[in-house]
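J.: Take this structure, written in structure tokens, and hold onto it; I'll ask about it next.
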Protein chains: 2
Amino acid sequence: MPITSTRTGLQLRSLIKPGGELELSLVEEPIAQPAADEVVVRIEASPLNPSDIGLLFGAADMSTAKAAGTADRPVLTATVPERLMAGMAARLGQSMPVGNEGAGVVVDAGSSAEAQALMGKTVAVLGGAMYSQYRCVKADQCLVLPEGSTPADGASCFVNPLTALGMVETMRREGHKALVHTAAASNLGQMLNRICVKDGIGLVNIVRKPEQETQLRSLGAKYVCNTASPTFMDELTAALVATGATIAFDATGGGKLAGQILTCMEAALNKTAKEYSRYGSTTHKQVYIYGGLELGPTEFNRNFGMAWGMGGWLLFPFLQKAGADTVQRLKQRVAAELKTTFASSYSKEISLAEALQPEAIAVYGQRATGTKYLINPNKGLKT
Amino acid sequence: MPITSTRTGLQLRSLIKPGGELELSLVEEPIAQPAADEVVVRIEASPLNPSDIGLLFGAADMSTAKAAGTADRPVLTATVPERLMAGMAARLGQSMPVGNEGAGVVVDAGSSAEAQALMGKTVAVLGGAMYSQYRCVKADQCLVLPEGSTPADGASCFVNPLTALGMVETMRREGHKALVHTAAASNLGQMLNRICVKDGIGLVNIVRKPEQETQLRSLGAKYVCNTASPTFMDELTAALVATGATIAFDATGGGKLAGQILTCMEAALNKTAKEYSRYGSTTHKQVYIYGGLELGPTEFNRNFGMAWGMGGWLLFPFLQKAGADTVQRLKQRVAAELKTTFASSYSKEISLAEALQPEAIAVYGQRATGTKYLINPNKGLKT
């Protein structure tokens, strides 16, 4: 008898109540009977990406987190500051599943040949609600991992790899020849560095700590600038002159960094300018903000001429714009280089219940380099 | 004997010295002998647009302005703050002519039929160095003004009209259906309002004084929001819901206004949203900064999702991108509606020497609504 007819599986949920309370909990979900073109995946690895954490915590202040419930069925609550409740209006009262991507083993399959062919295979899936013990998904959503790969190997094979490749693709499509990346020692940053080293693309890595600088250099990074250096602006300008980078992807968002990058790009361009242009360099300079590690306001002095842009960048709209052929090409590259270019590392593997413990949240909630956790919804269970 | 063989004409020059001193003066320039395809225009009207004032003063602090020289040949000096000198590097030591556009009478012409046909005609020219008594330009740069037009009628027939039309054109090209404009009571703003009223385009006008609100409403503007109102954000959001505007052109640049517009656009879009999107509305929201009336830093809270952009917008790159056919179509419209849609008004007509008087600078240097001056380089001279 297939497991799906009688069993349920745990699923992590995030709920913000109209009164301003965030509640994280585990619920029992019936495992769906797969339709002909569907399979059921036992999820064994799903990363806590910053984008997942954004949905998980919403605008709650996690320093107010309180644990309740039992060890098996913990409940965690925290308070959303009133001034931030307006931004939460559209999700109030909805118990939301979390987890963009994950990997596991196919344990049940619909009647189609495509679905049946996946039985027993280790697959990766991009499809939401991955912080669940079982997920029923379309067979064509599954990426079969190369022989010998574990679910942990493939857990992060969509969001970070496609984001890093998407940045390089965006750089090319918009006519730039090299790029800048901030929070560059992150898992994503290391991936982007490996792509650029391999493909011979100029990359300026911006970090904020000396050990991150050392780490990236040991990984072959040629240009690493540290915002903590007293001569950061000069160093960044020199790296921009050397690479010719005129597009940046910024994970921090808040503060002055995005504007400083534009300022240094303009300074770099003017070093080679032939004549005075009252509106500054005519070369378009672009900063895409794709994260919000710094939650404060964004501030800049407009001392970089008129040929500039700043804006949001997100993976899914990019994939939509890029088209099916490009997406297919990028995914094939990820599968082929899963254990090299696109390898991810995690500081700890935790269960669904452990993900709701204040001690765990205090670590992975930092979204800092070296604090990335991997959820295994079936950790410690017989499989 | 043609005037060009023996005469010289006065020309206004702006010079920033390496030591940090701005010097404005008048120089005698020989009037060029026109080539076959050229004409000499006696300039009788040239506006002091914000873009001209930017080149004229550079980064100088005009509160330090000192007058010297004689009444006929005044010299005005002012100090460029040291922290702003880096931005002036490319123009240091260059005595630069000023004045983007102007109009006057063709007084000499080259041998070509096209040039000869312009003799005696009143024409408008976009070509720089218009704060000159005489300008030698290509015949095909001249726009012949309709019968009965004075040089003053045609003095501003390029920059403001093409900028206003360019905004509407950009709105359409980028897939928006209505637009927002700040500093909306300016000459340019009134022009844009007339275009939108005539063409039935939704326009949200943002001003900062009640009298500007009254003025725009008397000119048929339907949506006028005043930043001084305690409920400005609510009023702007309501106007954005009513018009569906998702693109803005901001003349102020500094401060919080550009970000507030994006915030209100997002709020307007979410009022009609059907389901929760963790990354905010998927509709792209754009603010183009085309001026710098507020010189301070630009600051915004990123509370408008990920589908947003901010950037510089300039007339000349737009015209280049739009292509010759579009530019021709826009110019024809300007000529046809010169005294209606595209009429400009000035608070005073001044000579070149008067343009260098501290009292005059104190007025037109404000770049404020109702303080626009028109330079007539041949004012008071026998013509």
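J.: Spot the failing condition for A:G254; the list is (1) touching an Asp or Glu at 6+ places or on another chain (Cβ under 7 Å); (2) not in a strand (DSSP E or B), and only one is missed.
T.: Answer for A:G254: the failing condition is (2).
J.: So, restricting to strands (runs of 3 or more DSSP E) that lie completely within region B:64-133, which ones have at least 2 residues that are under 23 Å from B:A35 (Cβ atoms) and not aliphatic (A, V, I, L, M)?
T.: Here the list reads B:101-109.
J.: Right, here's the next one. Can you confirm whether B:A32 is open to solvent by less than 40 Å² (accessible area, probe 1.4 Å) and away from chain A (no Cβ under 14 Å)?
T.: no
J.: Sticking with this structure for a sec: Quick check: anything in region B:207-219 at pLDDT 95 or above, more than 14 Å from chain A (Cβ to nearest Cβ), open to solvent by less than 10 Å² (accessible area, probe 1.4 Å) and under 27 Å from A:A86 (Cβ atoms)?
T.: So far as region B:207-219 goes, yes, one or more of its residues are at pLDDT 95 or above, more than 14 Å from chain A (Cβ to nearest Cβ), open to solvent by less than 10 Å² (accessible area, probe 1.4 Å) and under 27 Å from A:A86 (Cβ atoms).
Yes or no, residue by residue, for (1) closer than 11 Å to B:H181 by Cβ; (2) touching a helix residue (DSSP H, G or I) at 6+ places or on another chain (Cβ under 6 Å); (3) without any contact (Cβ under 8 Å) to a residue 12 or more places away in the chain:
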residue: B:T214; (1), (2), (3): no, no, yes
residue: B:R217; (1), (2), (3): no, no, yes
residue: B:A221; (1), (2), (3): yes, yes, no
residue: B:V224; (1), (2), (3): yes, yes, no
residue: B:A228; (1), (2), (3): no, no, no
residue: B:L236; (1), (2), (3): no, yes, no
residue: B:L240; (1), (2), (3): no, yes, no
residue: B:F249; (1), (2), (3): yes, yes, no
residue: B:K256; (1), (2), (3): no, no, no
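J.: Hey, any hits in region B:236-247 for a residue that's in a loop (DSSP other than H, G, I, E, B), within 28 Å of B:M306 (Cβ to Cβ) and not polar (S, T, N, Q)?
T.: Yes, region B:236-247 contains at least one residue that is in a loop (DSSP other than H, G, I, E, B), within 28 Å of B:M306 (Cβ to Cβ) and not polar (S, T, N, Q).
J.: Can you work out which of the residues in region A:265-289 that are open to solvent by less than 20 Å² (accessible area, probe 1.4 Å) and over 27 Å from the mean Cα position of the chain (by Cα) is farthest from the other protein chains (Cβ to nearest Cβ)?
T.: In this case the residue turns out to be A:A268.
J.: Restricting region B:314-350 to residues that are within 22 Å of B:Y373 (Cα to Cα) and open to solvent by less than 20 Å² (accessible area, probe 1.4 Å), which is modelled with the lowest pLDDT?
T.: The selected residue is B:L338.
J.: While we're on this one: Is it true that some residue in region B:71-85 is among the small types (G, A, S) and farther than 21 Å from B:L374 by Cβ?
T.: Yes.
J.: Still on this structure: Are any residues in region A:314-344 within 14 Å of chain B (Cβ to nearest Cβ) and outside any helix (DSSP H, G or I), and if so, which ones?
T.: The answer is A:L314, and nothing else.
J.: When B:E147 is evaluated against the numbered criteria (1) open to solvent by less than 50 Å² (accessible area, probe 1.4 Å); (2) at pLDDT below 95; (3) not in a helix (DSSP H, G or I), which criterion, by number, is the only one it fails?
T.: Result: B:E147 fails condition (1) only.
J.: Okay, next question. Residues to consider are B:G292, B:G259, B:G311; find the one that is closer than 16 Å to A:A307 by Cβ, open to solvent by less than 20 Å² (accessible area, probe 1.4 Å) and facing another protein chain (nearest Cβ under 10 Å).
T.: B:G311
J.: Still on this structure, I have one more. A:N160 versus (1) in a loop (DSSP other than H, G, I, E, B); (2) at pLDDT below 95: which is the lone unmet condition?
T.: All conditions are met except number (1).
J.: Ok, one more. State which residue is nearest to the other protein chains (Cβ to nearest Cβ) when the search covers only region A:82-99 and only residues that are free of Cβ contacts under 8 Å to residues at least 40 places away in the same chain and among the aliphatic types (A, V, I, L, M).
T.: A:A90
The values are calculated or read from the model by the stated rules, or taken from the named source; none is laboratory data. It should be emphasised that the depicted structure is a prediction, and the values quoted were computed from it without experimental measurement. When we count neighbours, we look across all protein chains shown, and the Cβ atoms used for this are built from the backbone with ideal geometry, even at glycine. Heads up: the accessible areas ignore ligands, DNA and RNA and are worked out on the full protein's heavy atoms, side chains in. Shrake-Rupley method; radii C 1.70, N 1.55, O 1.52, S 1.80 Å.
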